[in-house]
1. Contact order normalised by length for region 120-226, with contacts defined as Cα pairs under 8 Å and 6 or more residues apart; what percent is it?
2. Could you pull out which residues in region 91-117 have an amide N less than 20 Å from a spot 7 Å beyond the Cα of residue 194, following the Cα-Cβ vector?
3. Rank 6, 42, 147 by how far each Cα sits towards the positive end of the charge dipole of the chain (+1 on Lys, Arg Cβ; -1 on Asp, Glu Cβ) and give me just the farthest.
4. May I ask you to compute the full-extension gain from residue 171 to residue 142, defined as 0.36 nm times their residue separation minus their alpha-carbon distance, rounded to one decimal in nm?
5. Please determine, in degrees from 0 to 90 and to the nearest 10, the orientation of helix 177-195 with respect to the longest principal axis defined by the Cα atoms of the chain, where the helix direction is its Cα long axis.
6. Below 9 angstrom from the Cβ of residue 32, what's the summed charge of the other residues (Lys, Arg +1; Asp, Glu -1)?
7. Which value, in debye to the nearest 20, describes the size of the charge dipole of region 116-172 about its Cα centre when Lys and Arg Cβ atoms bear +1, Asp and Glu Cβ atoms bear -1, and nothing else is charged?
8. Cβ under 12 Å from residue 66's Cβ, residue 66 left aside: what net charge do those residues give with Lys, Arg +1 and Asp, Glu -1?
Amino acid sequence: MQVLGIDIGGSGIKGAPVDIEKGEMLRERYRIPTPQPAKPKAVAKTVAEIAKYFEWEGPIGCGFPSVVQQGVTRTAANVHTSWIGTDAAKLFSEVTGCPVNAINDADAAGLAEMTFGAGQNRMGVVLLVTIGTGLGTSIFTNGILLPNTELGHIEIDCEEAELMASDAIRKQENLSWKKWGKRLDIYLDHLEKLVWPDLIILGGGVSKKHEKFMPYLNVQAEIVIAETFNQAGIIGAALAGKPF
Ligand code: BGC
């Protein structure tokens, strides 16, 4: 089955048709910079543009960087506050004329990794952390997702983890890999003490440069790098867009 996967991020909105049985993108992804301010109407217009680019008429799945309950966005850490309480699934469905399901972006990446990547056939507790503008988390117990965990916002020494260890902060503060790696280690250590994962999967663009920061990570759990890298957001969103 083919589903159009769309990954909505703070800087870009990317989409591609996906074969959800194989976990493969069927066309090269199409990216449009996220409109600023990233308000619902403007983002919806961009989502419609992506669907139009692929002349799409089937189901769509969207990954969104906030808590998403039954299609409704509930938080807005890195997007415009007017998203809070917006029925994103309904809005995107209206502008595209297609059935749409929306899901948290880290949960989408987690679905992709559990189905086609490093989490395949993994039982126990798997924690995926996507490192980008924000810190996104998804947790699976014996392959079942606990949605909207939002562990990027835990506080460590009175500071929000996302404001300490995201990739955006690494760039903003021009941190060395060692300094940032140590911060990431403190964060993962806290997560480990909270949820005791058997496996931690690190995703997001920066995970491609894993050899630069992995030496500073000392968690007890097995820790691996996501296999689907940048495609996880699109493939996972498509998985979530499969009609019931
Ligand atoms: C948001 C999460 C999102 C993560 C990664 C955080 O700021 O609260 O919902 O998954 O960023 O985009």
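Computed from the coordinates by the stated procedures, all read-outs in this text should not be read as laboratory data. In this text the structure is predicted, and so the values were computed from the model without any measurement. For neighbour counting, all protein chains shown are included, and Cβ atoms are generated from backbone atoms with ideal geometry for every residue, glycine included.
1. 29 percent
2. Taking a point 7 Å out along Cα→Cβ of residue 194, the residues of region 91-117 whose backbone N falls under 20 Å are 104-111.
3. 42
4. Difference between extended and current length: 6.9 nm.
5. That works out to roughly 80 degrees.
6. +1
7. 380 debye
8. Surrounding charge for residue 66 is -2.
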